[in-house]
1. Does the range 68-117 hold any residues that are among the acidic types (Asp, Glu) and within 16 Å of the ligand (Cβ to nearest atom), and which are they?
2. So, of the residues in the range 161-178 that are touching a Phe, Trp or Tyr at 6+ places or on another chain (Cβ under 9 Å) and part of a loop (DSSP other than H, G, I, E, B), which turns out to be surrounded by the fewest Cβ atoms within 10 Å (Cβ to Cβ)?
3. Please determine whether any residue of the range 126-137 is within 13 Å of the ligand (Cβ to nearest atom) and over 12 Å from the mean Cα position of the chain (by Cα).
4. Condition first: charged (D, E, K, R) and within 10 Å of the ligand (Cβ to nearest atom). Now tell me which residues in the range 158-210 satisfy that.
5. Show me the helices (runs of 4 or more DSSP H) entirely contained within the range 21-112 in which 1 or more residues are in contact (Cβ under 8 Å) with a residue 24 or more places away in the chain and touching a Pro at 6+ places or on another chain (Cβ under 6 Å).
6. How about the range 102-114: which of its residues are over 13 Å from ALA151 (Cα atoms) and out of contact with any Leu (no Cβ under 8 Å at 6 or more places or on another chain)?
7. For a quick check of your reading of the model, give me the residue pairs whose first member lies in the range 137-157 and is within 16 Å of LYS109 (Cα to Cα), whose second is away from the ligand (no atom under 16 Å from the Cβ) and part of a helix (DSSP H, G or I), with beta-carbon atoms closer than 6 Å and at least 6 apart or on different chains.
8. Before we move on, is ALA240 within 18 Å of PRO168 (Cα to Cα) and either modelled with pLDDT of 95 or more or basic (Lys, Arg) (or both)?
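The values are calculated or read from the model by the stated rules, or taken from the named source; none is laboratory data. Note that the coordinates shown come from a computational prediction; the quantities given were computed from them, not determined experimentally. For neighbour counting, all protein chains shown are included, and Cβ atoms are generated from backbone atoms with ideal geometry for every residue, glycine included.
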Amino acid sequence: MKTVVLVIGANGQLGSVLTESLKQKFGENNVIASDLKHREGYKGIFEIIDATDINGIHEVVDTYHVTQIYHLAAILSARGEEMPLQTWDINMKTLFNVLEVSRQKNIDKVFFPSSIAVFGEGAILDHTPNDAYLDPATVYGISKAAGENWAQYYFLRYGLDVRSIRYPGVIGYQSLPGGGTTDYAVDIYHKAVRQEDFSCFLDKNTTLPMIFMDDAIRATLELMDAPKENITLRTSYNIAGVSFSPAEIAAEIRKLYPDFKIAYHPDFRQEIASRWPKSIDDTMATKDWGWKPEFDLESMTTIMIQKLKEKYKTGSRNLESLVL
Ligand code: SER
């Protein structure tokens, strides 16, 4: 049977890049990108979907005979703290709608992104294992921890093939993150290439797990390609990429921009970050579907700087225009 993919949240940091990879894999006509607003210049099929409205999802699934759904829409950790109850409503309602449509329409596979935000101080924060205790302290983290359990519920109760990854902070040159605690690690490269000083909202020694976009996308596709019987975790898989602190990324950037300046002005996001893991144990992902990251801080920095230089040379200084 033909695979037809629906991406919900296709304008986001991950969604915008994943959509392109899915088009390469399944063909442009077999990928339906969707978000709250149309994306200017997007090449391919695009539908406006507000995922809090189940009927909108039903319609698109029927029209295109969708067989897989990637549900990437969510309010992230930092923004979520500004509107906790609304964040809970949006993150959970959209997930329930996706799970319900998928159950009712016999969707083959569903992807639900979770996050390192599911962890809290109850977990060992160095090489945090997959089965660590979950006591998230942000509404985003709480919604992801609950979402993981709902994903597993739909698998156990209805046999729905839902798969999930706990992403570290995702770093890419193609798109910009929005509303997350790890966003600084993308912003810092933009500032470096523009030869501007960087004001960091985290303290210099705050180590967090991160992942280069190419690794994040490859992990997603590999998980979704893995044989069903290999997927032993139906909550979510830890994946590791690279762990570093603001001071370490700044030092790496200084190898290419020796005059690069960073100042530390920790705000409420420091509180969030200090309850998250510093590094991740991804043994389960390696064992079940062969996960192995390829990028370290050095190789990621080289590519980020090279690609952003090209973009700033050809494009405007307006960050929005840098989104794919
Ligand atoms: N990057 C996300 C955030 O900072 C974590 O999943 O909220």
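1. Looking only at the range 68-117, we keep the residues that are among the acidic types (Asp, Glu), and these are 81-82, 89, 100, 108.
Within the range 68-117, GLU81, GLU82 qualify.
2. Here the answer is ASP161.
3. From the range 126-137, those within 13 Å of the ligand (Cβ to nearest atom) are 136-137; that's our starting set.
After this cut, where a residue has to be over 12 Å from the mean Cα position of the chain (by Cα) as well, the list is 136-137.
Yes, the range 126-137 contains at least one residue that is within 13 Å of the ligand (Cβ to nearest atom) and over 12 Å from the mean Cα position of the chain (by Cα).
4. Initially, the range 158-210 is screened for residues charged (D, E, K, R), giving 161, 163, 166, 183, 187, 191, 194, 196-197, 203-204.
The answer is ARG166, ASP183.
5. Details: elements: 54-64, 77-82, 84-104.
In the range 21-112, no matching helices (runs of 4 or more DSSP H) lie anywhere.
6. Applying the first criterion (over 13 Å from ALA151 (Cα atoms)) to the range 102-114 yields 104-108.
Once the filter is applied, which keeps residues that are over 13 Å from ALA151 (Cα atoms) and out of contact with any Leu (no Cβ under 8 Å at 6 or more places or on another chain), the range 102-114 yields GLN104, LYS105, ASN106, ASP108.
7. TYR154/LEU99
8. Details: within 18 Å of PRO168 (Cα to Cα): yes; either modelled with pLDDT of 95 or more or basic (Lys, Arg) (or both): yes.
Considered against the rule, which asks whether it is within 18 Å of PRO168 (Cα to Cα) and either modelled with pLDDT of 95 or more or basic (Lys, Arg) (or both), ALA240 comes out as yes.
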